[in-house]
Structure formats: structure tokens, C-alpha cells
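These notes concern the structure reproduced below.
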Amino acid sequence: MYPRKLVPDSYEVPMRVEFEGLLLTPVTFRHWPQDVRAVHSVAKNSGALNPGLKWPEGAESVVLGMSDVCYMDKLLRLRAAFCYGLMTPDESVELGCLYVWRTRKRGYEAEIFSWVCDEPRKQGIGERLYQFAEKWVPEVWPFDKTTWPGRRVPWQDWYALPDKDPANWPGSPPSFALVPHRIVPDSFRVPHRIEAKRFILVPLLLTMDAVAKDFEAFMSSQEYLKTTFRPGEGWPEGTTFQDALVDVGYWEFLWHFRESFAYSVRDPEDNYELGCLYVTPSRKAGYQAEVHSWVRESAVVTGLDEEVNEFSHTWIQEQWPFEKVAWPGRDIGWDQWRETPDYDPEPV
């Protein structure tokens, strides 16, 4: 459901790196104004940074910019990937970004990529960042094999390298780790509102109303969810409202890139949230996607949990373009699922 860790728990992730009067610090939700301004300044010129990098429609909107920052923040929390903002020392202005990122390419543990805004780039800051990071990453990070696509390997050659996971849909943009990997083709019309007998499904998108409803739903059922939904991970114990906001923004970002689809399970009048349903890519060998769902504890006694699960089986199998889907914790036990081999033959 979530990407696996890029670095072990024992590794202390650098949180503040100063060099040549500049600052590298992980991009979190508190940096969203700086990041949105910086990204907007280069969005129209993304092809010059990377010939295969294409932003989705509405990429310059503030909401998508905020969800982008939530995505980076969530991956930092998961220790799955790391986006560093290149900041002025007071963190008031973002000049660009440096990514220490999980890679899809075989034979590598991580890939490094950077960009800077037009004016700093003209001042040579982009090259200074590259020269610094080229030494910093191998000295500080726990990787044996990294690469810098677009620098050490030309983009065309990089895209031609084999992926660890199954191939993307025909006609999709070239595989690039910073851009989520599509699990449905452009021709597939993703359902936005689905009506069942006792509930509706609507996209879980980044609005304060949606975050509030989501937060209230899972916090009302903490003890129940800890033992039934991805048991052993501890969620949602200790989750704050900001944690919930970051999580919802993460799911919206993935929706825009057609990698994952999080639905809020609502009452038929759309007044409150009953639970959530997630359609996500699977890293387990033999599966294209996996489906997870939960409902609040008060709805379990009414049979809603099983009803949502049964509905999802029919709906996914009849209307989604997957050949092999898994329902972890439902059709396959959690222990067996976790022991199922990954596509990646070199798991971290």
C-alpha cells in the first residue's frame, strides 16, 4: 500500500545541511508556500530539466502544489524517499530541490536528481548544488550503488534501462522515479462517484472538510483499526490532524498521476465518513494492484465492513483494467502476504 523504506531505521537522515551559504532541508508541509512558488516558476520549462517529465493538467494550481508537498512530506515520514529544498539560510525562499529517491531501475538502490529556478541557475547555483551533492551522497548516505540520471547517464539511455517493476502502460511517459507510476491507462475513465446500497464512494481529496471527516472517522476507532487494518503498523495511534492532512494530500497527488486511488466511504447523504477504500499498485510479484479498506468500528456491527469488501471485489473485477488483484488481509492472510516475494530482486 505504501512504498517500502529506502533507508533502515538505524540511519539518521540529515535534516539540515549547510553549504556555501545555502541550506538543504527536507521539504515538509510547512514549506508549501516556498515550494509552490519555486515549482510554478519551472513547471512550464520542465522539459528542459528532463525531456520525459510531464506534469498533469492543472499542475500550476495551488491545491496540486500543496498535495505535491504533502507527497514529499509523507515519503519522508515513511523513509521511502527524500526531497530537499535548496533554501536561503532563513528558509524564506526555495531556490530548487535535490531528491534522494527510490529508483525503478534494476541494479541501483537510489537515484539523485536536482533542479533550480531560472535565476539561480543562471548564477551557477545548479552546478554548485550538483558538485556538492556528488560528494555528499556517497559520503553520507548508506547506498552502494546510486546514479544521477541526466548527468552521469543521458536521459535517453536512462529510460531504456529495464525497470524492476512491470512495464508502464503503452503510451505513458517514460519511467521516472519522481513521477508516480501509472497503474491505469489514459483511456481508462477513473470512477469519481460510486453509489451502493448503504454508502457512496468519493475521491479522498485535499479539502479541510474531507480531512476533518477522515480524521474523525479513524480516530473514533483507534483500538479497532490497530488490530484489523494493516496490523502491526500501529495506525492510527498518535495521529495528529496535520498528519491526516499530509496523508490526504499524499493520496490526492497520487490520484492526479493515476498511480493510486483513495476513496472516502460516505453515508448516502454524504454527511460523514464511514471509512476508506484504496486501489494501489502492488510491489508483490504476480499482482498489478491491491485493494485495502476499513470502516469505523461503529459500522462494523451493522455488517458494513464485509459489505464494502464484497462490493469492492465485484466492482474492481468488473470495471477496472487489472488482470490480477490482491486483497491483503481479506483473501490472503497478512503473514502470507508479507512473505510474498517483491518484484524487486534486491529489496532494501
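The residue pairs whose first member lies in region 284-313 and is part of a helix (DSSP H, G or I), whose second member is surrounded by 18 or more Cβ atoms within 10 Å (Cβ to Cβ) and among the polar types (S, T, N, Q), and whose beta carbons are closer than 8 Å, counting only pairs six or more residues apart or on different chains, are Glu297/Ser221; Ser298/Ser221; Asp305/Ser293; Val308/Ser293; Asn309/Ser293; Ser312/Ser293. Of the residues making up region 209-263, just one is under 18 Å from Val295 (Cβ atoms), β-branched (Val, Ile, Thr) and surrounded by 21 or more Cβ atoms within 10 Å (Cβ to Cβ), namely Val248.
Being of a type in the set (Val, Ile, Thr) and either at pLDDT 90 or above or surrounded by fewer than 17 Cβ atoms within 10 Å (Cβ to Cβ) (or both), is that true of even one residue in region 81-89?
Taking region 81-89 as the starting set, the residues that turn out to be of a type in the set (Val, Ile, Thr) are 88.
After this cut, where a residue has to be either at pLDDT 90 or above or surrounded by fewer than 17 Cβ atoms within 10 Å (Cβ to Cβ) (or both) as well, the list is 88.
For region 81-89, residues of a type in the set (Val, Ile, Thr) and either at pLDDT 90 or above or surrounded by fewer than 17 Cβ atoms within 10 Å (Cβ to Cβ) (or both): present.
If I filter region 48-74 down to residues being surrounded by fewer than 22 Cβ atoms within 10 Å (Cβ to Cβ) and touching a strand residue (DSSP E or B) at 6+ places or on another chain (Cβ under 9 Å), which single residue comes out as modelled with the lowest pLDDT? If we take residues in region 48-74 being surrounded by fewer than 22 Cβ atoms within 10 Å (Cβ to Cβ) and touching a strand residue (DSSP E or B) at 6+ places or on another chain (Cβ under 9 Å), then Leu49 is modelled with the lowest pLDDT.
Quick one: is Trp148 surrounded by fewer than 18 Cβ atoms within 10 Å (Cβ to Cβ) and at pLDDT 90 or above? Here the answer is yes, as Trp148 does meet what is asked.
The values are calculated or read from the model by the stated rules, or taken from the named source; none is laboratory data. Nothing here was measured: the structure is a model prediction, and the numbers come from that model. Backbone-built Cβ (ideal geometry, glycine too); neighbour counts: all protein chains shown.
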